[in-house]
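Structure, as structure tokens:
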Protein chains: 2
Amino acid sequence: MSVKPVLDRIDHDLDQAIERLKGLLRIPSISTDPAYKEDCKDAAEWLVRELRSLGVNAESRPTSGHPMVVGHVGDSGPHLVFYGHYDVQPVDPLDLWKRPPFEPTVEDTVAGKVIRGRGAADDKGQLMTFIEACRAWKEVHGCLPARITFLLEGEEESQSPSLIPFMKENAAELTGDIALICDTGMFDQNTPSIITSLRGLLGEEVTIIGPDKDLHSGLYGGAAINPIRVLSRIISGLHDDTGRITLPDFYRGVPETDPAILAQWDALGFDEEAFLGDVGLSHPAGEQGRTTLEMTWARPTCEVNGIWGGYTGDGFKTVLPSKAHTKISFRLVGTQDPEKIRETFRAYVQAMLPPDCRAEFKEHGAAPASQMTISDPAFERARQALSEEWPNEAAFIGGGGSIPIAGYFKEILNMDAMLIGFGHPDDMIHSPNEKYDLRSFHKGIRSWARVLDALNR
Amino acid sequence: MSVKPVLDRIDHDLDQAIERLKGLLRIPSISTDPAYKEDCKDAAEWLVRELRSLGVNAESRPTSGHPMVVGHVGDSGPHLVFYGHYDVQPVDPLDLWKRPPFEPTVEDTVAGKVIRGRGAADDKGQLMTFIEACRAWKEVHGCLPARITFLLEGEEESQSPSLIPFMKENAAELTGDIALICDTGMFDQNTPSIITSLRGLLGEEVTIIGPDKDLHSGLYGGAAINPIRVLSRIISGLHDDTGRITLPDFYRGVPETDPAILAQWDALGFDEEAFLGDVGLSHPAGEQGRTTLEMTWARPTCEVNGIWGGYTGDGFKTVLPSKAHTKISFRLVGTQDPEKIRETFRAYVQAMLPPDCRAEFKEHGAAPASQMTISDPAFERARQALSEEWPNEAAFIGGGGSIPIAGYFKEILNMDAMLIGFGHPDDMIHSPNEKYDLRSFHKGIRSWARVLDALNR
């Protein structure tokens, strides 16, 4: 089976592929917000129909959260297990979207055409590059060039509570030769990449409670403890002046990056100025003495993702609030232990509480960092296939995000995972006006067609 | 004209007085929120009708904000100028209200009957004690015992932007012998008070802006500045470990309280444990080495009234926010200059900004502290009249709130202001489930009847 006619078919059918993607993007499958539960179910069923139209034996399987889409096709060739997720991030602040987030359009921009809408890049557009590559193979050759198992999740944006139990319960069915994951980015516009390390993630929500009701600052101001002040002290104490995180033993398990790898990263010619400049910044704000690539690929972080308390509406209200809240996450590397760090963090918060204040905690997931083994020759074959599609050679690079599924494939199913994706830093994933470059979508489909071909050799 | 039949009439007509108050409480006149503009107008017109039914020549006068209700009645006796405000605070968090905030009811509680609803104490219930006392005088004697000018404002909860220009433009009309203001509390359940000092208030809103859009912490975490962290450092730097405010020259103009006055306050037998215990606290959290009364009556404060930024909904979102916001207020004493402190505060914020961050400021009012002159014998006569109504002798005390109108009467119209009110710390003004004790309402009306009588002697 030759890949050439498959690539031609992809080029010829691009408009229909875009229409299919738009259909999926119209479904507001926000997994973290219970109000969108039915929409998540709709998205799962949409994918089941899509996979069945390719001859895949697919179904939507219930979990205690959102459904898991599982499908199987083929019985010869290498057994590839493809993972993607159909859920998306919330859309707030909604007023910053130039168009409604679930009414996808193709737009002309100075940098080329883009598909705009929530989930365009993360991860609906990306997962559809793989499905469309399969569609083209099927239409040209009547079958796929490999045995493929699909695993499409609906809880990736809400800490995947059902994923581990589901993988364990269905281990035999989900185990193949190698996992393919399409949820990452390219190194730059012209350089595709395979991610070889990912950071872990620990999520915590903290509520500081002072007075047992909101107070008037004219009556109590000066005498009553203010939980926003307490929370601010807690947050500002988490980093020292050099950008290092102050929690005891936080850096246990954080390796110094191998100088050979640092040298390899340097050789990539990363444009720090453009990376930061794209989002209105000019100074890397992490640990002093580290490069931006090291800060985002190889160093742990502690970030405040949200804070709220007291009066936040128009005008002014001289209230002394009873409570202040924050959502904080840690990106982890090496062998940092998320549960240990959760314990240390909570002990730190407790120790910072003045009299009359207490803290409540809520956990939002914990996943260690992943390091891929790329000794399987399939990795090099895939890298060469990607290099044929794009102007520059494909690179093995680090990743700053957290895609726990890669680690789960290793731990639970003993499979290596190959992380190939076509996103860019300016895709505004998790932000208003998310987009996916039409070039990423088009050449992404072509890339998967080539990778499928390469892995079947 | 004797006060005795007036007091009897008040007792007899209490139920109707409560119904009238409920009518006013049903109008959601939230001045700070533009959505309630028409309701503020309705409340003003409601009061005009009420005053006209007492023979007052009243009207609702437009301003650039909410209307001012002005009325005149009588032409002999001392000329008293009564001030109250018909606007109320916002009602959020709405889910903490046990009943809808604008459906007032009389409830039995372990501490006696209360009128519950937004504005019950601040200030609709209080201003109605004066109007009901006038009604009883009028109904018993056919006229009031003094010449009275009413000035009822609709912007007190939103920094009174129209008040100063209005007072200046209508100075001749609004100037009398003494101002009466009903917007304060009693010293305790059995001890009425006349407030002789009030704190000033400075309101500021700050937005810290880092990246020019919300970012994904997997891509940018470690490299991009986080404005919530920056804001937390700014807030936590505003106080030192002893509770003092760190802004340069902040304490310029803050007098040490006269030991004689401190001794007088000590003699009041203030129950600090009960005051704090009522709201779930046990430690006065202000400047070390000060009593709670000093902290709330005689010392300046800096409070965070609100904070928000990033993702604040259900679940979790690993966003690096572009912006973080806070609303901060300062209570001022002595001769502290609000505009100087605003300048110092803004300079402090600017100096705390790291590279790539900027700050935007919005002002929310500025009023200096007020110190009343009580040499006019009317003050002592009013104190004695209050003492006749209540179990304990009335006291001259300090006030922790900010009622700039008292200072404006002095500065603009050269009148002393007498601050008499019947609120209690547990009235939950500015909070969910605001209430006004029925005893405060009833004995408050009787108190004003006595004070009007005493001032006419």
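Bear in mind these aren't lab numbers, they're just calculated from the coordinates by the rules spelled out. Remember, predicted model here, so these are calculated numbers, not experimental data. As a convention, Cβ positions derive from the backbone with ideal geometry for all residues, glycine included, and neighbour counts pool all protein chains shown.
How fast does the range A:211-345 diffuse by Stokes-Einstein, in µm²/s, taking the Kirkwood radius from C-alpha pairs at 20 °C and 1.002 mPa s? For these conditions, the coefficient is 119 µm²/s.
Counting every other Cβ atom within 10 Å of each residue's Cβ, B:R383, A:R52 order from fewest to most as A:R52, B:R383. Here is how the number arises for the protein assembly as shown: DSSP H runs of 4 or more residues each give -39500 (n - 2.57), the sum is divided by the residue count, and the result at 222 nm is -10000 deg cm²/dmol. Sorted from closest to farthest, the other copies place their A:V110 label points 6.8 nm away, with each point set 7 Å from Cα along Cα→Cβ.
Net charge in the neighbourhood of A:W265 (other residues with Cβ under 11 Å of its Cβ; Lys, Arg +1, Asp, Glu -1) is -3.
Backbone amide hydrogens, once placed in the peptide plane, bring B:A417 within less than 5 Å of B:A179, B:T373, excluding anything fewer than 5 places away on its chain. The relative contact order of chain A comes to 26 percent, based on Cα pairs under 8 Å that sit 6 or more residues apart. Which shape class, rounded, prolate or oblate, goes with the range A:242-306 when its Cα gyration tensor gives a ≥ b ≥ c as root eigenvalues, a/c under 1.5 marks rounded, and past that a/b bigger than b/c marks prolate? Oblate shape, in that a/c is at least 1.5 and b/c is the bigger or equal ratio. Take the Kirkwood radius over Cα pairs of the range A:62-114, plug it into Stokes-Einstein at 20 °C and 1.002 mPa s, and you get 136 µm²/s for translational diffusion. Quick one: in chain B, what % of C-alpha pairs are over 45 Å apart? Looking at chain B, the distances longer than 45 Å represent 13 percent of pairs. For chain A, take the longest principal axis of its alpha carbons; what is the angle in degrees between that and the long axis of helix A:227-236, to the nearest 10 within 0 to 90? The angle comes out near 60 degrees. Counting DSSP beta bridges with both partners in the protein assembly as shown, what percentage is antiparallel, nearest 5? DSSP beta bridges in the protein assembly as shown are roughly 70 percent antiparallel. Taking Cα atoms only, the orientation of helix B:338-352 departs from the longest principal axis of chain B by about 20 degrees.
Between the amide H of A:L247 and any residue lying 5 or more places away or on another chain, no distance stays under 5 Å, with hydrogens modeled in the peptide plane. Each copy carries a label point for A:R26 at 7 Å from Cα along the beta-carbon vector; from one copy to the others these points are 4.7 nm apart, nearest first. Counting other Cβ atoms within 10 Å as a rough exposure proxy, the listed residues A:E273, B:E411 run A:E273, B:E411 from fewest neighbours to most. This model, with +1 at the C-beta of Lys and Arg and -1 at the C-beta of Asp and Glu, gives chain B a dipole about its Cα centre of some 500 debye. Evaluating 6.51 cos²θ - 1.76 cosθ + 1.60 at θ = phi - 60° for every residue in the range B:277-292, the Karplus couplings come out as x, 4, 10, x, 10, 9, 10, x, 9, x, 4, 4, x, 10, 7, 4 Hz, glycine and proline recorded as x. Counted over chain B, the DSSP beta bridges are approximately 70% antiparallel. For chain A, the longest principal axis of the Cα atoms and the long axis of helix A:37-52 meet at an angle of about 10 degrees.
Each Lys or Arg adds one and each Asp or Glu subtracts one; over the other residues with Cβ under 13 Å from the Cβ of A:K138, this totals -1.
One quarter of the convex hull surface built on the alpha carbon atoms of the protein assembly as shown amounts to 39.2 nm², the projected area averaged over directions. Please work out the C-alpha center-to-center distance from the range B:217-235 to the range B:18-85 and express it in whole Å. Cα centroid to Cα centroid, the span is 48 Å. Between this copy and the others, label points of B:D240 are 2.4 nm apart in ascending order, each placed 7 angstrom from Cα in the Cβ direction. With the biggest extent put first, the Cα atoms of the range A:14-172 measure 50, 38, 22 Å across the principal axes. In the range B:94-206, Cα pairs under 8 Å separated by at least six residues give a relative contact order of 16 percent. The distance between label points at A:L96 and A:Y348 comes to 2.6 nm (points 7 Å beyond Cα on the Cα→Cβ vector).
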